[in-house]
Amino acid sequence: MTDKLNELTAAGVAVWLDDLSRVRLSSGGLDQLRREKHVAGVTTNPTIFAKALSDADEYNWQLHDLATRGVDVEEAVRMLTTYDVRWACDVMRPSYDGSEGVDGRVSIEVDPRSAHDADKTVAEAKALWWLVDRPNLYIKIPATEEGLSAITDTLAEGISVNVTLIFGLDRYSAVMEAFLAGLEQAKANGHDLSKIGSVASFFVSRVDSEVDKRLEKIGSDEAKALKGKAAVANAQLAYERYTEVFSSDRWKALAAAGAHPQRPLWASTSTKNPDYRDVIYVEELIAPGTVNTMPESVIHAYADHGETRGDTVTGAYDAARKVFADLESVGVDMDDVIATLEREGVEKFEASWQELLDGVRKSLEAAAKGKGAPNKAAKSNAKGAEKAGGA
């Protein structure tokens with residue numbers, strides 16, 4: 001059988017997993033995906049952790065210890081999530097070493113409630129970098145206006161960054177500017193640029209969801225014919241900007257000092273509309289030097305029936321611009337689409353973070369009352385994860 005994920009990797013697309021849980025770690029499932037499905041990185045977010053931590057059995061021993069220590073809920077959340085991310089970094093270390101630090105990365109996000117507070121974002125990024133203490137970590141920072149300076153300042157500290165929640169082209173250009181400025185400052189601060197990594201997470205399927213809703217409301221045949229086209233066109237034009245920035249003299253000077261480019265990462269790549277092909281946001285966004293982070297279901301779907309047709313991005317710029325022109329002609333305001341998506345993206349992560357805090361609070365209360373005492377299986381899990389550090 002053809003190894004479709006290997007073909008995708010050979011075309012220049014790094015396959016990353018958009019998920020993490022204690023179950024996935026303790027079962028060896030993540031390592032299996034690394035070895036068998038070419039998974040070369042992991043992304044997480046508050047929604048993923050809220051879901052993972054709802055499975056209390058895998059976390060009982062650590063919750064018991066945290067409750068015994070009397071830590072507050074926010075510290076408990078950080079201890080639980082950084083434990084999992086540290087363990088995942090160790091699992092992915094062979095990919096990191098084998099790619100000379102390009103892949104094998106695992107991301108953890110700053111508190112999304114700080115998305116509009118640059119100073120607090122930088123302070124938390126530094127704390128997370130210290131807590132996880134692994135070279136193949138990425139700190140995720142939302143690409144809000146306030147987040148741009150935080151991106152620069154965090155990189156200037158020698159900390160690797162995954163910039164998340166990018167929806168629009170102009171904001172993406174500002175993110176790349178923040179990256180270049182951060183590396184220039186890092187170099188001036190004496191950091192080894194070859195050790196600093198970064199990706200820019202450009203969200204895909206959510207763009208179609210929002211635009212399609214507006215096209216359906218417009219209701220004309222011309223509008224409906226544009227459904228399912230905005231997201232891919234948006235990402236293709238983002239890649240055009242990427243190639244321009246990373247062929248500039250400014251970038252070449254940083255590359256000569258050992259820097260790696262900030263790769264575009266296609267995020268939100270599961271298909272929300274069942275009428276669309278389930279791997280459309282992988283097949284239509286194949287280009288050298290990119291990352292595609294997928295839920296496990298999409299990884300398996302591509303392994304089964306994905307088609308790697310070479311570069312599907314760089315020859316599509318004119319067609320993508322026509323899609324944007326056609327959207328404008330039928331009355332879709334893409335600036336408003338992007339602003340809506342950014343606002344809702346931060347709000348959704350804030351809601352997931354609150355859900356995470358509420359769940360951990362209840363679990364700590366139960367553990368303090370003796371209802372969450374560590375069981376035999378949980379103790380075994382803890383022992384198996386010793387390399388990831390303690391609670």
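The values are calculated or read from the model by the stated rules, or taken from the named source; none is laboratory data. Predicted, not measured: the structure shown is a model, and the values here were computed from it. Note: areas computed on protein heavy atoms with side chains; ligands, DNA, RNA excluded. Shrake-Rupley method; radii C 1.70, N 1.55, O 1.52, S 1.80 Å.
Counting only heavy atoms of the protein chains, get the accessible area per residue of the chain (1.4 Å probe) and round it to a whole Å² value. Before the final figure, lay out the partial values.
Working: 15910 Å² over 391 residues.
Result: 41 Å² per residue.
Under Stokes-Einstein, with the Kirkwood radius over Cα pairs standing in for Rh, what whole-number D in µm²/s applies to region 63-113 at 10 °C and 1.306 mPa s? Provide the component values of the computation, followed by the final result.
Working: Rh = 12.6 Å.
Rounded to a whole number, D works out at 126 µm²/s.
Where does region 1-128 land on the Kirkwood hydrodynamic radius, alpha-carbon pairs, in angstrom? Intermediate values should be presented prior to the final figure.
On the way: mean 1/r = 0.0623 Å⁻¹.
About 16.1 Å for region 1-128.
Residue 41's amide H: which non-local residues (gap 5+, or another chain) put their own amide H closer than 5 Å, with H modeled 1.01 Å from N in plane and none for Pro or chain starts?
Here the answer is 17, 104, since their amide H atoms fall under 5 Å of that of residue 41.
Can you tell me the convex hull volume per residue for region 83-143, based on C-alpha atoms, in Å³ to the nearest whole number? Display every interim value, and only then the final one.
On the way: hull volume 4.5 nm³, N = 61.
Looking at region 83-143, the number lands at 73 Å³ per residue.
Give me the percent of accessible area attributable to carbon and sulfur for the chain, probe 1.4 angstrom. Working shown, then result.
Numbers: 7700 of 15910 Å².
The C+S portion of the solvent-accessible surface of the chain is 48 percent.
Any idea what angle helix 73-91 forms with the longest principal axis of the chain, computed on alpha-carbon atoms, 0 to 90 degrees, nearest 10?
Once rounded, one gets 70 degrees.
Using alpha carbons only, how many degrees (0 to 90, rounded to 10) separate the axis of helix 145-156 from the longest principal axis of the chain?
70 degrees
Per residue of region 4-12, what does 6.51 cos²θ - 1.76 cosθ + 1.60 with θ = phi - 60° give for ³J(HN,Hα)? Whole Hz please, x for Gly and Pro, Karplus curve as stated.
5, 6, 5, 4, 5, 4, 5, 7, x
Provide, for q = 0.22, 0.29 Å⁻¹, the log10 of I(q)/I(0) from a solvent-free Debye sum over equal Cα point scatterers in region 122-185.
For region 122-185 at q = 0.22, 0.29 Å⁻¹, log10 I(q)/I(0) is -0.83, -1.28.
How large is the translational diffusion coefficient of region 292-376 in µm² per second when you combine the Kirkwood radius over alpha carbon pairs with Stokes-Einstein at 37 °C and 0.692 mPa s? Provide the component values of the computation, followed by the final result.
On the way: Rh = 18.3 Å.
After rounding, the answer is 179 µm²/s.
Across bins of 5 angstrom width beginning at 0, how are the C-alpha pair distances of region 114-260 distributed, in whole percent?
2, 10, 17, 19, 17, 13, 9, 6, 4, 3, 1, 0
Once the whole set of protein chains is in place, how much accessible area is left on residue 336, using a 1.4 Å probe, in Å² to the nearest 10?
Approximately 70 Å² for this residue.
With the Cα gyration tensor of region 229-273 in hand, give its eigenvalues times 5 under a square root as the equivalent ellipsoid semi-axes, listed largest first in whole angstrom. Write out the running numbers ahead of the final one.
On the way: eigenvalues 162, 29, 3 Å².
That gives 28, 12, 4 Å for the three semi-axes.
Taking all protein chains together and a probe of 1.4 Å, list 105, 24 from the most accessible to the least accessible. It would help to have the intermediate numbers written out before the result.
On the way: 105 0, 24 35 Å².
Ranked from most to least accessible, the order is 24, 105.
Check which residues have an amide H placed less than 5 Å from residue 267's amide H, if you skip close sequence neighbours.
Answer set, sorted by chain and number: 202, 203, 204.
Tell me, what ³J(HN,Hα) does each residue in region 343-360 have, in order and in whole Hz, if you take phi through Karplus 6.51 cos²θ - 1.76 cosθ + 1.60 with θ = phi - 60° and put x for Gly and Pro?
3J(HN,Hα) across region 343-360, in whole Hz: 4, 5, x, 5, 4, 5, 5, 5, 5, 5, 5, 5, 4, 5, 4, 5, x, 5.
What do you reckon, how do 229, 37, 369, 252 stack up by accessible area (1.4 Å probe), largest on top?
Values: 229 95, 37 55, 369 155, 252 115 Å².
Greatest to least solvent exposure: 369, 252, 229, 37.
Please list 184, 210 from largest to smallest accessible area, probe radius 1.4 Å, with all protein chains kept in place.
Values: 184 75, 210 15 Å².
Result, largest first: 184, 210.
Each residue of region 243-256 in order: what ³J(HN,Hα) in whole Hz does its phi give by Karplus 6.51 cos²θ - 1.76 cosθ + 1.60, θ = phi - 60°, with x for Gly and Pro?
Ordered by residue, 3J(HN,Hα) equals 5, 5, 5, 8, 10, 7, 5, 4, 5, 4, 5, 6, 4, 5 Hz.
Per 10 Å bin from zero, what fraction in whole % of the C-alpha pairs of region 195-278 is there, up to the bin with the longest pair?
16, 36, 24, 16, 8, 1
What is the percent of Cα-Cα separations in the chain that go past 37 Å?
On the way: 15571 of 76245 pairs.
When every Cα pair of the chain is considered, 20 percent fall beyond 37 Å.
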